[in-house]
Amino acid sequence: MPNLTLDTLRRHALARSLFRPTTLPRALQRLGFVQADPIRAPARAQDLTLRHRVSGYRAGELERRYPRLAVEEDFFVNYGFLPRDIHALMHPRSATRPWTPARWAQAHEVLAFVRERGVVHPREVDAAFAHGKTVNWFGGASNASTELLDGMHYRGLLRVARRDGGTRVYAVREAAVTEADATQAMDRLADVVLNKYGPLPARSLTALISHLRGAAPQWAGERRATGQRLLARSPQAVVDGINWVWPAGENPASRHHQIDDELRLLAPFDPVVWDRTRFELFWGWAYRFEAYTPAPKRVRGYYALPLLWQGQVIGWGNLAVREGRLQADFGYVSGKPPRGPAYRAALADELGRVEAFLGL
């Protein structure tokens, strides 16, 4: 494609991801997947992502409206929220770690328990079955019932009906009558990946397709062929020695991809930010998520939000709510903020939007 530059790709990426705010159902369908994270700083990642793409969005709205939306919590390339038509493609799902007959017996007992009650909280299961404790993935102790419910959810036996105080509450997931065709299902899941995160360096896209092992482990052996088919049907171009890929039917060089003057604080898992290789190519510096980095070793902060303005990520902000007031601390790649009233006004507008989003 002639006249394709890194700046062109950057504009394309921003324009297609930061689309005009719409309704919550339409935004979820357009994104195809919204990554979730439990950390609230000052809100959860899914809410920080959706606030830029849903008109009048407020923190916690997805969780509040979830029971009435055609959306499911589940694992995709990461854990998050997917429209039901996409979610259905991944099931019935097998797990990489098979259960013993004894574990399956426990699962069937719990499944009958949930079916009888309709919707259950994990503490109800724990009280009824007394499964005891187990060692969780980070070495601590967890209720064995919680781990069993997680495994049943992953295998498609249960679905998340809602959350109570952040805790998943479960219902029986009725299995599909017919299984999806492996090739067709994997191709559609791959399209969701590229649509969500494109344009991407081909190597980043290949890595993302490998993550579909978690989405559909029963088809893990199909990933390489799936990636090859995706590349074969997607437009590509080499820019500065790197092969880039984007969804079919789109023109990265379109003059419609305009950069606005709105300043945005982006979530660490926002699709604009997610691929760290692309981030560094686009903006010339490396962003790292440091919530799990020991405090003395942090460079930018516990939950630094990349700061996007006029098509450039010029720095980051750490936000917190203390005594009902929003507090913000900023850092800049250049070492200082842009000069002039335009930047100050844009920053004030964004902080005002964050306060409304948080209900302050």
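In table form, for the structure just shown:
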quantity	calculated
So R10, is it closer than 30 Å to P235 by Cα, open to solvent by 10 Å² or more (accessible area, probe 1.4 Å) and modelled with pLDDT of 95 or more	yes
Residues of the range 196-229 satisfying the condition of being touching a Leu at 6+ places or on another chain (Cβ under 7 Å), open to solvent by 50 Å² or more (accessible area, probe 1.4 Å) and either touching a residue at least 60 places away in the same chain (Cβ under 8 Å) or farther than 21 Å from Y79 by Cα (or both)	none
Options L305, L281, L265, L319; residue that is surrounded by 14 or more Cβ atoms within 10 Å (Cβ to Cβ), touching a residue at least 12 places away in the same chain (Cβ under 8 Å) and farther than 30 Å from I209 by Cα	L319
The range 230-244, subset open to solvent by 30 Å² or more (accessible area, probe 1.4 Å) and touching a residue at least 60 places away in the same chain (Cβ under 8 Å), residue nearest to the chain's Cα centre (by Cα)	P235
Scope the range 322-360; condition surrounded by 15 or more Cβ atoms within 10 Å (Cβ to Cβ) and over 26 Å from the mean Cα position of the chain (by Cα); matching residues	P337, P338, Y343, A346
Close pairs from the range 17-42: first over 26 Å from D164 (Cβ atoms), partner open to solvent by 40 Å² or more (accessible area, probe 1.4 Å) and not in a loop (DSSP other than H, G, I, E, B), Cβ under 6 Å, at least 6 apart	G32/N195
Answer from P252, P247 - the residue that is crowded, with 21+ Cβ neighbours inside 10 Å, modelled with pLDDT of 95 or more, part of a loop (DSSP other than H, G, I, E, B) and in contact with a helix residue (DSSP H, G or I) (Cβ under 9 Å, 6 or more places away or on another chain)	P252
Counted residues, the range 268-278 - those being open to solvent by 10 Å² or more (accessible area, probe 1.4 Å) and under 16 Å from the mean Cα position of the chain (by Cα)	4
Subset of the range 97-124 [open to solvent by less than 90 Å² (accessible area, probe 1.4 Å) and under 27 Å from the mean Cα position of the chain (by Cα)]	V119, V120, H121, P122
Top-ranked residue in the range 337-358 [being of a type in the set (K, R) and at pLDDT 95 or above; ranked as farthest from T49 (Cα to Cα)]	R344
The range 167-191, subset at pLDDT 90 or above, under 25 Å from Y66 (Cα atoms) and not aliphatic (A, V, I, L, M), residue surrounded by the fewest Cβ atoms within 10 Å (Cβ to Cβ)	T167
Test for G156: is it among the small types (G, A, S), open to solvent by less than 30 Å² (accessible area, probe 1.4 Å), closer than 18 Å to A95 by Cα and not in a helix (DSSP H, G or I)	yes
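Here's the yes/no breakdown for (1) surrounded by fewer than 22 Cβ atoms within 10 Å (Cβ to Cβ); (2) at pLDDT 95 or above; (3) touching a strand residue (DSSP E or B) at 6+ places or on another chain (Cβ under 7 Å); (4) within 18 Å of R188 (Cα to Cα):
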{"residue": "P25", "(1), (2), (3), (4)": "yes, yes, no, no"}
{"residue": "R30", "(1), (2), (3), (4)": "yes, yes, no, yes"}
{"residue": "A36", "(1), (2), (3), (4)": "yes, yes, yes, no"}
{"residue": "T49", "(1), (2), (3), (4)": "no, yes, yes, no"}
{"residue": "S55", "(1), (2), (3), (4)": "yes, yes, yes, no"}
{"residue": "E63", "(1), (2), (3), (4)": "yes, yes, yes, no"}
{"residue": "L69", "(1), (2), (3), (4)": "yes, yes, no, no"}
{"residue": "D74", "(1), (2), (3), (4)": "no, yes, yes, yes"}
{"residue": "N78", "(1), (2), (3), (4)": "yes, yes, yes, yes"}
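The values are calculated or read from the model by the stated rules, or taken from the named source; none is laboratory data. Just so we're clear, the structure is a prediction, and the values are computed from it rather than from any experiment. Here Cβ is always computed from backbone atoms with ideal geometry, including for glycine, and neighbour counts include all displayed protein chains. Remember, those area values only see protein heavy atoms, side chains included, never the ligands or the DNA or RNA. Shrake-Rupley method; radii C 1.70, N 1.55, O 1.52, S 1.80 Å.
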